Amino acid sequence: MTDRSATMAAGSAPATADAHRRPLLEVKDLRVHFPTEDGLVKAVDGLDFTVAKGRTLGIVGESGSGKSVTSLAILGLHKRTRAQLSGEVLLDGVDIIGAAEETVRRLRGNKMAMIFQDPLSSMHPYYTVGAQIIEAYRVHNNVSKRAARARAIEMLSLVGIPQPDRRVDDYPHQFSGGMRQRAMIAMGMSCNPGLLIADEPTTALDVTVQAQILELMKKLQREFDSALIIITHDLCVVAEVADDILVMYAGRAVEHGPVADLFRRPEHPYTWGLLSSMPRLDRVREDRLRPIKGTPPSLINPPPGCRFHPRCPYAQRLGEICWTVEPELLEGPNDHSTRCHLGPVKAREVFVAEVEPLL
Amino acid sequence: MFRFLLKRLIVGIVTLWVVTVVVFGIFTIIPGDPALVYAGKDPSAEVLAGIRAKLGVDKPLPEQYATFMKGVAVGRDFPTGPKMVHCDAPCLGYSYKKDVPVLGLITRALPITATMAAGAALLWLLGGVSVGVLSALRRGTFFDRIAMTISLAGVSLPVYFTGLIGLSVFVYQLQWLPAIDTNSPFGNPFDPVQTFQSFILPWVVLAFLYAASYARLTRTSMLETMSEDYIRTARAKGLPERTVVTRHGMRAALTPIVTMFGLDLGALLGGAILTEYTFGLQGLGKQALDAINKFDYPLIMGTTLFAAFFIIVANIVVDVLYAFIDPRVRLS
Ligand SMILES: Nc1ncnc2c1ncn2[C@@H]1O[C@H](COP(=O)(O)OP(=O)(O)OP(=O)(O)O)[C@@H](O)[C@H]1O
Ligand SMILES: [Mg+2]
């Protein structure tokens, strides 16, 4: 294992290089609450992160941790009548949460775009792929249909669709799953947005295609120099492509840091759980997936103290503090912060001694 | 696409043929001796047998069916009293009660039924769909609740009730409308004002009934569509909400409505018995009802076949339309 200073140097180098650039996206104390009949669902409850141009943030967490709610909040897609939003989402300095609906609409698809998990259900079944890309392009660019069509074909060829001038007139159901997701990416990138959010872009695809799609997104990101957020519940997906990783649990960040550091020195027991539940192809099938025990907590009445304590195998050791005091998200070296009472030193010990050998 | 059309057409023709067999079978098998209708009081067995032979109903069923189908194809002659009457193709039979070919009776009643159905259809389609869409977009608001309450009433109130209320209020009490001239509702010669006055109440009453269920169906369909992933995509593209609702939402949500509309209209063209009866309009439905009361089997059978024809045609039209609307149907 590398010693601390070496890791530090490696981890902070890109950060310094980017320091003169203001992050394209700044999320500050974001909260998204849904009033429901059962009570207030605190789907996202105090989230901070930034993404700079040319950088990739991976948001990881199990189902229900608030990943999609976060991304919809960034795009300003929550109905204001249904969701209570607070905090700030600054895109290039413009606050999405405070801005007028029309202002946000003009940014959506134009300065920030999103691609979704299931490309088949995310495309309109009655319109051709081309028509849908053309629509996305023309809503923000005052160009003729012909020019927009040329743009659609250009985008399709850019994302690697063969014979784009023919396929542009196909309907989504005539595309394969991977092709569809490529087309979604073409649509998302058509206006050259500074920020692209991909919400589980590969979950619905088979493994070989997954890698191609990730590869493609990385390629386009380099080409367009955009900021990229990849949302997933699978750490494998982001291990290769992300620069930073944000681990979410019950609407909050529990660990946040540069990818190399986070994989080498994960500090939160929940992250350890995610790491050990990564499917391991070198193991026999039954032994491949080791999910974290227990179920995600209620977002209406989250557990007192640390929200993860009911499922945390280490909560017993520290005792009472885990279920009485909510830990802060504390920043350690290398921009690596963790929300756990163990603290970085103890966490390191436990990880090296008990968790790592099992991975 | 062409193969799809052809397939649909063949299926339609086969269905129509099956319908003729079934309808013909039922009307010939049901008890009741047609000869009795023409014989005097207490006829002797020989007289009855003679009449049966003349009507051709003593022949075996398949032969009778063949004769009937031949009439449909090339026309046939009917022995009525002293002289033979020729019934042109497509001959749907001969009403001995009224002494005219059935088809003539049908084509005379059809304009009334068609006018009623078309006017009502236009009203209920516009009314039902717009209320349904608005209700869906404003789910849970005062408008939505009121609209859904009224439409529940619309679904559950029978036409003879709303029709009578309409007649008593607008014709008898307020006298905004003249009483319907049931013999010539279109006026004689044709008079658009009188036509409008004759049909406005039936239109509204019939439309209210249908609009209610269309509003409910549209609302459900629209709510479902607006929660689809592709609507979220449309919003994520930055489209104005109006475009999202119309071009993406309604386009998909109204597809099932088109299907229902085609079938409802097809069925209505076969006669709206209750409405026609309530307003005394001599459409296909009322004519069929009168035929039943008078045991005029040929007329009932002819009307039934005619109505079946409309329903089958409507089915084909709807399928073809569906293929045009939904590329997944067209291109698979
Ligand atoms: N409109 C809403 N009203 C009430 N609760 C909501 C609403 N939208 C989301 N939630 C709740 O917020 C929580 C977080 O949902 P979210 O979709 O962000 O999860 P996720 O992390 O994206 O999970 P997945 O991996 O399954 O996509 C869930 O418990 C969900 O039930
Ligand atoms: Mg999600």
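Key figures
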{"item": "Minimum 40 Å² accessible area buried by the other protein chains, the stretch B:214-230 residues, probe 1.4 Å, relative to alone", "result": "B:Asp229, B:Tyr230"}
{"item": "Sorted peptide list for A:22-29, A:224-231, criterion being average Cβ within 10 angstrom, highest first", "result": "A:224-231, A:22-29"}
{"item": "Expected 222 nm ellipticity per residue - DSSP helices of 4 or more, -39500 (n - 2.57), all of the protein assembly as shown, to 500", "result": "-16000 deg cm²/dmol"}
{"item": "Angle in degrees between helix B:2-29 and the longest Cα principal axis of chain B, rounded to the nearest 10", "result": "40 degrees"}
{"item": "Crossing angle, helix B:297-325 versus chain B [Cα axis fit, 0-90 degrees, rounded to tens]", "result": "30 degrees"}
{"item": "Isolated Cys in the protein assembly as shown, by beta carbon distance under 4.7 Å", "result": "A:Cys191, A:Cys236, A:Cys306, A:Cys312, A:Cys322, A:Cys340"}
{"item": "The protein assembly as shown - accessible surface per residue (Å², probe 1.4 Å)", "result": "47 Å²"}
{"item": "Spatial separation of Cα centroids for the stretch A:223-270 and the stretch B:223-247, in angstrom", "result": "30 Å"}
{"item": "DSSP-defined antiparallel bridges as percent of all bridges, the protein assembly as shown, nearest 5", "result": "65 percent"}
{"item": "Accessible surface of the protein assembly as shown, 1.4 Å probe, proportion on carbon and sulfur as whole %", "result": "61 percent"}
{"item": "For the stretch A:334-358 and the stretch A:24-48, distance of Cα centres in Å", "result": "27 Å"}
{"item": "Förster radius 41 Å - calculated FRET efficiency between B:Ser156 and B:Arg330 (Cβ-Cβ, nearest 0.05)", "result": "0.60"}
{"item": "Alpha-carbon centroid distance for the pair the stretch A:102-139 / the stretch B:268-329, whole angstrom", "result": "45 Å"}
{"item": "For B:234-247, mean number of other protein chain Cβ atoms within 10 Å", "result": "6"}
{"item": "Fraction of antiparallel bridges per DSSP, chain A only, in percent to nearest 5", "result": "60 percent"}
{"item": "Three-way shape call for the stretch A:263-358 based on the alpha-carbon gyration tensor, with the a/c threshold at 1.5", "result": "oblate"}
{"item": "Accessible surface of B:Ser213 - all protein chains present, 1.4 Å probe, nearest 10 Å²", "result": "40 Å²"}
{"item": "Per-residue average of Cβ from other chains inside 10 Å of A:118-129", "result": "5"}
{"item": "Where B meets A: accessible area buried, both sides, 1.4 Å probe, Å²", "result": "2300 Å²"}
{"item": "Anisotropy class of chain A from Cα gyration tensor, a/c 1.5 cut", "result": "prolate"}
{"item": "10 Å Cβ neighbours from other chains, averaged over peptide A:167-176", "result": "2"}
{"item": "Tensor-based shape of the protein assembly as shown (alpha-carbon gyration tensor, a/c under 1.5 rounded, otherwise prolate or oblate)", "result": "prolate"}
{"item": "Choice from A:Thr295, A:Thr271, A:Thr56 with maximal GNM fluctuation in chain A (Cα, 10 Å cutoff)", "result": "A:Thr295"}
{"item": "Dipole of the protein assembly as shown, positive direction: furthest Cα of B:Ser95, B:Leu36, A:Gly257, with charges on the beta-carbon", "result": "B:Ser95"}
{"item": "Most to least packed among A:317-323, B:44-50 [average Cβ atoms within 10 Å]", "result": "A:317-323, B:44-50"}
{"item": "Extension gain from A:Thr324 to A:Ala99, taking 0.36 nm per residue of separation minus the Cα-Cα distance", "result": "77.2 nm"}
{"item": "Residue among A:Gly257, A:Gly46, A:Gly93 with the largest mean-square fluctuation in a Gaussian network model of chain A, springs linking Cα atoms under 10 Å", "result": "A:Gly93"}
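The values are calculated or read from the model by the stated rules, or taken from the named source; none is laboratory data. What you see is a predicted model; the values in this text were computed from it and never measured. Using ideal geometry, Cβ is built from the backbone for each residue, glycine included, and neighbour counts are taken over all protein chains shown. These area figures cover heavy atoms from the full protein model, side chains too; ligands, DNA and RNA do not enter into them. Shrake-Rupley method; radii C 1.70, N 1.55, O 1.52, S 1.80 Å.
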